[in-house]
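Q: Can you keep this structure in mind? I'll have questions shortly.
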Amino acid sequence: MRQSFWWVALVWMGFIASAQRPEKPSASDIYHQIEKLNFLGNVLYVAAHPDDENTRLIAYLANHVHARTGYLSLTRGDGGQNLIGPELRELLGVIRTQELIEARKIDGGEQYFTRANDFGFSKNPTETLAIWDKEQVLSDMVWVIRQFRPDIIINRFDHRSPGTTHGHHTASAQLALEAFELSAAAAAFPEQLAFTQLWQPKRIYFNTSWWFYGSREKFEKADKSNLTGFDIGVFYPYNGKSNQEIAALSRSCHQSQGFGNTGTRGSEMEYLEWLKGDKPVASSNLFEGIDTTWNRLPEGKPIGELLEGVQKSFNFNNPAASLPDLVKAYALIQQLSDPFWREQKSEEIKRIIAACAGLYVEAVADSQETTPGSTLGVKVEAINRSTAAIQLTRIETYPPTPVEWNNVVLPYNQAKTHSFSWTLPANYPYTAPYYLEESASLGMYTVAALTRRGKPDVERPTSVTFTFSVLGVAIPYTKKVVYKYNDDVKGEVYQPLDIVPAVTSTLKDKVMIFPKSKARDVQVVVKAGKDNITGTVRVEVPASWKITPESIPFSLQRKGETSTLTFTLTPPKEASEAVIQSVVTLGEATYSWDKVDIQYPHIYKQMVLKSATAKAIKLDIKTNDEKIGYIMGAGDEVPTSLQQMGYSVTLLQPESLTAQTLEAFDVVITGIRAYNVVNALAYKQALLLDFVKNGKTLIVQYNTLDDFVTKDFAPYPIKISRDRVTEETAEVRFLQPNHRIMTSPNKLTAADFKGWKQEQGLYYPSEWDRQYTALLSANDTGEKPKDGALLVATYGKGTYIYTGLSFFRELPEGVPGAYRLLANLISAGK
């Protein structure tokens, strides 16, 4: 059983760095892979979030040192903001997961995660570990260490400085030090030992830098005698890039965070502080005392001798000349007694053998989506672009289906193809992020199966295994089934194969606000996952709510076709919150899946299946008839929420703003981080301030400390800080309880700040001109009051409002008090 597990573990490890698109390595790439094949040493870098990793160091370790290098991010970045779209929480986590996977493809690392949920900013590790389940996170870290078997662990953050950075950061370092010891302890998480074995890393470091010293000047003057320093500014002739240029390309994959990066060239020092384990004597050799040659393994010497010869005699004009010795080495690797190294090095050398032979193999479906029980058309292709004797002996599929295509001789440069039909089992699992399949808590995702934990990507088991005889040695290659098509602009486009429900449904409005007892339409969009489906749709509501009609029939002829069905929902007279659900019936089967597709050009298409639900709120709220212009910033769903409240909302294009276009509006609202990311505001801000001066209202939502496109984002001085209130349950005190914003048109009370999600607000002003009136005060436990959450000032005849309150989170979550407060802000000018 244990050896079987090692095969499974290394298969998913091997696919971490693989794209849907087949690899087509150059001779230089192949030589680089041979160099890595001849290095037997592993490094695991540990931090808390996507973007925490030091891509310069990961690229250096993977490409210069040639170590197998992993990045363990404790979270998937679910609690951050999104600069490229409206996705937040778990959908943002899906995007950032894929961005990390893409980054590792560039810098040469591998990606891992724990079940920890990024619940938002945390001010210290005590708060963090009160929300995360410490034992579960430790278990996952130990699990990854035991599987990855790092010789060296490197922390991104300092475990000794709680309160000086994000609590997740410090917690990641503290937990890594514990996991360093526990991974070798038989009493720690013994259930893992049925699938893996104990492992003790050699040493653990802290990747320090000037940031931890307060400034570059202080770091330059600091005593570095206890630090390991090395120059990571190396140049790689095989791809013509500096290490920093590779790292910048990797860093630029974090597009949802706006981390586009420009590469540099030249010498650049990196420093590590030894924390625990065997302390090296040499200041620049991380692997001192660790044998990283094939001699590390009892049976490794003959393999090393063979592969050393391959490396020395590699012919860049004819990589296939290395095939005889590579195949001999592959056969010897299969005899290694250590299953970990056997499987790891088998995967590495198999890729090299295929590359040297020009062996191109793929399995392509005739559709990007299919359903359980459906028949899928698949075309397989194999071509040998070397003169070596290669024969395709058999192919096997998962899930199993008979395929008669065996003992196919592959002559030089002659493509062989075969098409077959493949009926998937009726109970075949849907494609979805595995960590979202079960209910999560605020701090942790739920993954019941131990062997699924730590995996970075969506599980797509649909695959074809090709077994080749290469110079008489059987070598299997497993390929995921993919979909590809030709785009008139992009050319050949690859996408993963997704298994989808036969039908999905979406309640068009995820939050529906009922300010009065008047009924309103509810639209359900039904989408076919396969051809020719006929059924009915109903909307389930609590007893106090009324939905009509009871059900609506539909018929869809083509896969992908949609139909919009309209129901009428009547709220109760009293204030009420309800979760409503759309249910589709096809024959005897019912479906209540909402399919969310996430598509951005820098990542592969992602599909998330959620329960087809929405929130309906009968709200005690009064609104006026203001006309609102909204300037989008980094991306949010506030305009949709405003429309739910009954307002007329127009999305404004800042570039085309004029005084005349602004005259049509009573209120202009800027989206989150607008003054950080919307360059046009630099020369349109004067128009907005004149808009206020002439008697209108401008509401500015939070901006970060990043460069502002204009320093004149407010009529009077404001100093933005990092102040925030992360405890959404923190008491909110009214500094001016009789101010019109606190009383009209809705009388606000402490109850309006109950049930807020993730955090009350962020990047509050810490200083402001006396022209502003601060309306609210709150603070996290043990901290001084912060009064900058909501500032209002009269400017000319109008009203200017700056707020760091997290409306962008609260409104999509249907928090009633956030709606009531926003209605008052909108009406402030009256």
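Computed from the coordinates by the stated procedures, all read-outs in this text should not be read as laboratory data. Nothing here was measured: the structure is a model prediction, and the numbers come from that model. Note: ideal-geometry Cβ built from the backbone for every residue, glycine included; neighbour counts use all protein chains shown.
Q: Checking the table LYS605/LYS757; LYS627/LYS797; LYS546/LYS622; LYS618/LYS797 against a 26 Å threshold on Cα-Cα, which pairs fail? Mind showing how you got there, number by number?
A: Details: LYS605/LYS757 28 Å; LYS627/LYS797 18 Å; LYS546/LYS622 23 Å; LYS618/LYS797 35 Å.
Checking Cα-Cα distances, LYS605/LYS757; LYS618/LYS797 exceed 26 Å.
Q: Here is a follow-up. Hey, for a label at ALA659 modelled as a point 7 Å past Cα toward Cβ, could you say which residues of segment 679-704 have their backbone N under 16 Å away?
A: Only 684-696 fall inside the zone, counting backbone N under 16 Å.
Q: Please provide three numbers in whole Å: the alpha-carbon extents of the chain along the principal axes, with the largest listed first.
A: Principal extents (Cα only, largest first): 85, 73, 54 Å.
Q: Hey, what does the equivalent ellipsoid look like for segment 627-826, semi-axes from the Cα gyration tensor as sqrt of 5 times each eigenvalue, largest first, whole Å? Mind showing how you got there, number by number?
A: Details: eigenvalues 123, 68, 54 Å².
Computed over segment 627-826, the values are 25, 18, 16 Å.
Q: For segment 312-386, what number results from the quotient of the Cα radius of gyration and 2.2 N^0.38 Å?
A: Working: Rg = 17.2 Å, N = 75, 2.2 N^0.38 = 11.3 Å.
In units of the 2.2 N^0.38 Å rule of thumb, it is 1.51.
Q: Something else about it: Calculate, for THR536 and SER441, the FRET efficiency according to 1/(1 + (r/R0)^6) with r their C-beta to C-beta distance and R0 41 Å; round to the nearest 0.05. Display every interim value, and only then the final one.
A: Working: r = 35 Å, r/R0 = 0.86.
Plugging the Cβ-Cβ distance into 1/(1 + (r/R0)^6) gives 0.70.
Q: I've got another one for you. Quick check for you: which residues of segment 287-327 have the amide N under 17 Å from the point 7 Å beyond the Cα of GLU23 toward its beta carbon?
A: In segment 287-327, the label zone of GLU23 (backbone N under 17 Å from the point 7 Å along Cα→Cβ) covers 311, 319-320, 322-323, 326-327.
Q: For segment 620-661, max minus min Cα coordinate along each principal axis, in Å, sorted largest first?
A: Largest to smallest, the principal-axis extents are 38, 25, 8 Å.
Q: Further question: Any idea what % of Cα-Cα pairs in segment 503-618 are farther than 20 Å? Can you show the working numbers first?
A: Working: 2886 of 6670 pairs.
That fraction is 43 percent.
Q: Further question on the same structure: Starting from the Cα coordinates of segment 43-167, work out the convex hull volume and express it per residue in Å³.
A: 108
Q: Something else now. Roughly how many whole Å is it from the C-alpha centroid of segment 264-313 to that of segment 696-734?
A: After rounding, the separation between the Cα centres reads 50 Å.
Q: Would you calculate, for the chain, the mean residue ellipticity at 222 nm contributed by helices, counting each DSSP H stretch of 4 or more residues as -39,500 (n - 2.57) and dividing by all residues, to the nearest 500?
A: On the way: 19 runs with 193 residues, N = 830.
Roughly -7000 deg cm²/dmol at 222 nm, from the helical runs in the chain.
Q: Given a Förster radius of 35 Å and the C-beta distance between LYS797 and THR566 as r, what FRET efficiency does 1/(1 + (r/R0)^6) yield to the nearest 0.05? Walk me through the numbers on the way to the answer.
A: Values: r = 44 Å, r/R0 = 1.25.
The calculated FRET efficiency here is 0.20.
Q: For the chain, find the longest principal axis of its Cα atoms and tell me its angle to the long axis of helix 816-826, 0 to 90°, nearest 10.
A: The answer is roughly 60 degrees.
Q: If the cut-off is a Cα-Cα distance under 12 Å, which aspartates and glutamates reach LYS134, setting aside same-chain residues fewer than 8 apart in sequence?
A: GLU178
Q: Taking 0.36 nm per intervening residue step and subtracting the Cα-Cα distance, what contour gain separates TYR213 from MET269 on full extension?
A: Numbers: separation 56, 0.36 × 56 = 20.16 nm, distance 1.55 nm.
Computed gain between TYR213 and MET269 is 18.6 nm.
Q: Excluding residues on the same chain fewer than 8 positions from LYS345, give the lysines whose Cα lies under 22 Å from its Cα.
A: Here the lysines satisfying the reach criterion relative to LYS345 are LYS24, LYS36, LYS105, LYS202, LYS301, LYS312, LYS328, LYS455, LYS479, LYS480.
Q: Return the ratio Rg/(2.2 N^0.38 Å) for segment 778-830, where Rg is computed over Cα atoms only.
A: On the way: Rg = 13.2 Å, N = 53, 2.2 N^0.38 = 9.9 Å.
Against the empirical 2.2 N^0.38 Å value, I get 1.33 for segment 778-830.
Q: Compute the angle between helix 301-312 and the longest alpha-carbon principal axis of the chain, please, reported from 0 to 90 degrees and rounded to the nearest 10.
A: 80
Q: What does DSSP give for the chain in terms of the percent of beta bridges that are antiparallel, rounded to the nearest 5? Present the calculation step by step, with values, prior to reporting the outcome.
A: On the way: 108 of 151 bridges.
Antiparallel: roughly 70 percent of the beta bridges in the chain.
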